[in-house]
1. From zero up to wherever the largest Cα-Cα distance of the range 123-173 sits, split into 10 Å bins and tell me the percent of pairs in each.
2. Exposure proxy check: D141, D157 ranked by fewest other beta carbons within 10 Å?
3. Tell me the chymotrypsin sites (Phe, Trp or Tyr not before Pro) within the range 72-138 that lie in a loop according to DSSP and have at most 11 other beta-carbon atoms within 10 Å.
4. Loop-only check: which trypsin sites (Lys or Arg not before Pro) in the range 75-137 are DSSP coil with at most 13 other Cβ within 10 angstrom?
5. At I112 and T133, where each label point lies 7 Å from the Cα along Cα→Cβ, what is the point-to-point distance in nanometres?
6. Which value in nm describes the separation of the simple spin-label points at I33 and A148, placed 7 Å from the Cα toward the beta carbon?
Amino acid sequence: MAEPKRLRSASMWKDGKGVLLIATTVAAFVFVIRFWFLFLPVNVLSKLSFPWQWLSRLRPHRMPSSTFFVPIIFLLLLFSLTVTTGISTYLFYRLARVFWKRSWPIVIVFMIVCLTLGWLLWPTACDTHESFTDIPNRICDCSGFTFAFYPPWVLADGTSTDYCVGWERPAQP
């Protein structure tokens, strides 16, 4: 006879594997939210020139472009950040549940692999580019991929940062 759902969820916490499942899922959520917050504004939303041109035709001619585009960009950033983070975290949780149903050693190996990959793939700032005069200040070389981040709330000329996702080594002078 099948065990009632309430009892199954209570047994999840009794052996401690449920705590590891939730802790690993929270760590994955933190990683995904940090990565997408840094990656989306410049590398995805700024590349959408065709939709921005289409939206500019909808703008009333007397309305300044900043009052029209800033709320749209904010809502688009918030929507894409919520959707990508939610889907990524949910898929990770479902994968963690598959391992949770197995034995303790498999759960511990899964947790160690996830935390190691999260540490290795954590976005690290390797170079900054100043607004007017770019001073060479690269602090690391990247053996993964790099992407640029420019703060989305800065409307004037500001400092952009290149992040490394992968293995970084100190820069050679």
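1. Pairs per bin, as whole percents: 26, 49, 22, 2.
2. Working: D141 15, D157 10.
In increasing order of surrounding Cβ atoms, one gets D157, D141.
3. Working: sites: F74, F79, Y90, F92, Y93, F99, W100, F110, W119, F132; in loops: F132.
Of the chymotrypsin sites (Phe, Trp or Tyr not before Pro), the ones in loops of the range 72-138 whose Cβ has at most 11 other Cβ atoms within 10 Å are F132.
4. On the way: sites: R94, R97, K101, R102; in loops: K101, R102.
Within the range 75-137, the qualifying trypsin sites (Lys or Arg not before Pro) (loop, at most 13 other Cβ atoms within 10 Å) are K101, R102.
5. 5.2
6. Result: 2.8 nm between the two label points.
Every number here is computed from the coordinates shown, using simple stated rules; none is lab data. Owing to the predicted nature of the structure, the values given are computational and were not obtained by experimental measurement. No Cβ is skipped: glycine too gets one built from the backbone with ideal geometry, and neighbour counts run over all protein chains shown.
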